[in-house]
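Chemist: Have a look at this one before I ask anything.
The values are calculated or read from the model by the stated rules, or taken from the named source; none is laboratory data. Every value quoted in this text rests on a predicted model; they were computed, and no experiment measured them. Neighbour counts are summed over all protein chains in view; Cβ atoms, including those assigned to glycine, are modelled from backbone coordinates with ideal geometry.
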Amino acid sequence: MGLGLVVAPLSVRMPGAANAASPVRPTATPPRVNRVEPAAGVAVGVAADVWPVEKNSHFEIYSNGLRIENQYAVSHRPRAYVAYIYVNPEGTGGERRSEPVGIVYHTTESLQAPFESSQNNLLKRVGESLLDYVRRRRCYNFVIDRFGRVFRIVNESDAADHAGHSVWADDRYFYVNLNASFIGISFEAQTGAGETQTSAGSAQVRAAAMLTEMLRSRYKIPGRNCVTHAQVSVNPSNMQIGYHVDWASGFPFEKLGLPDNYATPSPAVSLFGFAFDTSYEQRAGGRLTAGAVEADRELVEGARSAHLSLAAYRKALHLRYLKIMASQRG
């Protein structure tokens, strides 16, 4: 059972010839996010106050109507990570934290039976098999099944193995390998390359909105840090973005009370020089590609400001990323 659409490694796009230059410490600029107009009656970006109403070993109920099922809940590695500060982009400093700062949304890419009443027993069997699978592998913190039920898998106090090699940034900090810093929420669903429609059912979207609202209230998570797996996934072996492309497009940000984070330039590109090739738009779709293209423009401007060729500047950013990765392994 696949738990992410894995894309084959692609050739790195490295335009421009490297100049002979002394080592450079590229500056890091927080990624810009485009302003999104909220729909009528939707307070985009505002986290409501949500509190627990009832809690026991089997389930939890919250003031916004959210119910979380606990029968599959397990422990894993305690959360512990570094939030790197923009004023020190080489990663030699940072804040050590143990509370989640964001959410990454996934799709399970698992078997999908037709969602109709005649398939009810099959839908339940497939869902139970999936929950057992992700529980054993500690894949996500939460799974939302086809009926919109929310299951806790890995306790929020612990890191789930959901994001792998990944990069994101907000207006003050950047984060590398998001398993510990971000909560993983997965929809029991499949996504297609470049699709424009939401692949999750309406019950799943409603449940995700309530779950997101509760988590943002509990952990003070900014809307900007609620992103999809396709937005954060990278491949260090070829320094390309988009290694996994679940929720590359079609994610219902607005219905979850969130800004359209597809509009955010890719931090992996602007901070660390990750690249993308001509097949990326086909896999990622136009909305996500627009953010990558904007980040690429920022990369070109950074190279110009540093008086380096794009290739030399990109290489310096790659070294920055590798240094941070080495410090995490240490």
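Chemist: Could you please let me know if Pro267 is surrounded by fewer than 19 Cβ atoms within 10 Å (Cβ to Cβ), in contact (Cβ under 8 Å) with a residue 24 or more places away in the chain and not basic (Lys, Arg)?
Modeler: Spelling it out, it is not the case that Pro267 is surrounded by fewer than 19 Cβ atoms within 10 Å (Cβ to Cβ), in contact (Cβ under 8 Å) with a residue 24 or more places away in the chain and not basic (Lys, Arg).
Chemist: Does segment 261-277 include one or more residues that are assigned to a loop (DSSP other than H, G, I, E, B), hydrophobic (A, V, I, L, M, F, W, C) and farther than 25 Å from Ala200 by Cα?
Modeler: Yes, segment 261-277 has at least one match.
Chemist: Within segment 110-127, is even one residue surrounded by 16 or more Cβ atoms within 10 Å (Cβ to Cβ), in contact (Cβ under 8 Å) with a residue 60 or more places away in the chain and within 21 Å of the chain's Cα centre (by Cα)?
Modeler: Looking for residues that are surrounded by 16 or more Cβ atoms within 10 Å (Cβ to Cβ), in contact (Cβ under 8 Å) with a residue 60 or more places away in the chain and within 21 Å of the chain's Cα centre (by Cα), one finds at least one in segment 110-127, hence yes.
Here is a yes/no grid of residues against (1) under 30 Å from Glu116 (Cβ atoms); (2) at pLDDT below 95:
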position: His165; (1), (2): no, no
position: Trp168; (1), (2): no, no
position: Arg172; (1), (2): no, yes
position: Glu195; (1), (2): yes, yes
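Chemist: Tell me, please, whether a residue that is among the hydrophobic types (A, V, I, L, M, F, W, C), outside any loop (DSSP other than H, G, I, E, B), surrounded by 24 or more Cβ atoms within 10 Å (Cβ to Cβ) and on the phi < 0 side of the Ramachandran plot can be found in segment 189-206.
Modeler: No, every residue in segment 189-206 fails to be among the hydrophobic types (A, V, I, L, M, F, W, C), outside any loop (DSSP other than H, G, I, E, B), surrounded by 24 or more Cβ atoms within 10 Å (Cβ to Cβ) and on the phi < 0 side of the Ramachandran plot.
Chemist: Pick from Tyr219, Tyr280, Tyr313: which is among the aromatic types (Phe, Trp, Tyr) and modelled with pLDDT under 95?
Modeler: Tyr280
Chemist: Follow-up. From the list Arg304, Arg283, Arg216, which residue is within 30 Å of Asp49 (Cβ to Cβ), in a helix (DSSP H, G or I) and charged (D, E, K, R)?
Modeler: Of Arg304, Arg283, Arg216, the one residue that is within 30 Å of Asp49 (Cβ to Cβ), in a helix (DSSP H, G or I) and charged (D, E, K, R) is Arg216.
Chemist: Can you confirm whether segment 173-188 contains a residue that is assigned to a helix (DSSP H, G or I), surrounded by 21 or more Cβ atoms within 10 Å (Cβ to Cβ) and in contact (Cβ under 8 Å) with a residue 60 or more places away in the chain?
Modeler: Taking every residue of segment 173-188 in turn, none turns out to be assigned to a helix (DSSP H, G or I), surrounded by 21 or more Cβ atoms within 10 Å (Cβ to Cβ) and in contact (Cβ under 8 Å) with a residue 60 or more places away in the chain.
Chemist: Please list, ordered by first then second residue, the pairs with beta carbon atoms under 8 Å, 6 or more apart or interchain, first in segment 47-69 and without any contact (Cβ under 8 Å) to a residue 60 or more places away in the chain and in a loop (DSSP other than H, G, I, E, B), second surrounded by 13 or more Cβ atoms within 10 Å (Cβ to Cβ) and of a type in the set (A, V, I, L, M).
Modeler: Within 8 Å, the pairs are Ser63/Val50; Ser63/Val53.
Chemist: What number of residues in segment 307-330 are touching a residue at least 60 places away in the same chain (Cβ under 8 Å) and outside any helix (DSSP H, G or I)?
Modeler: 3
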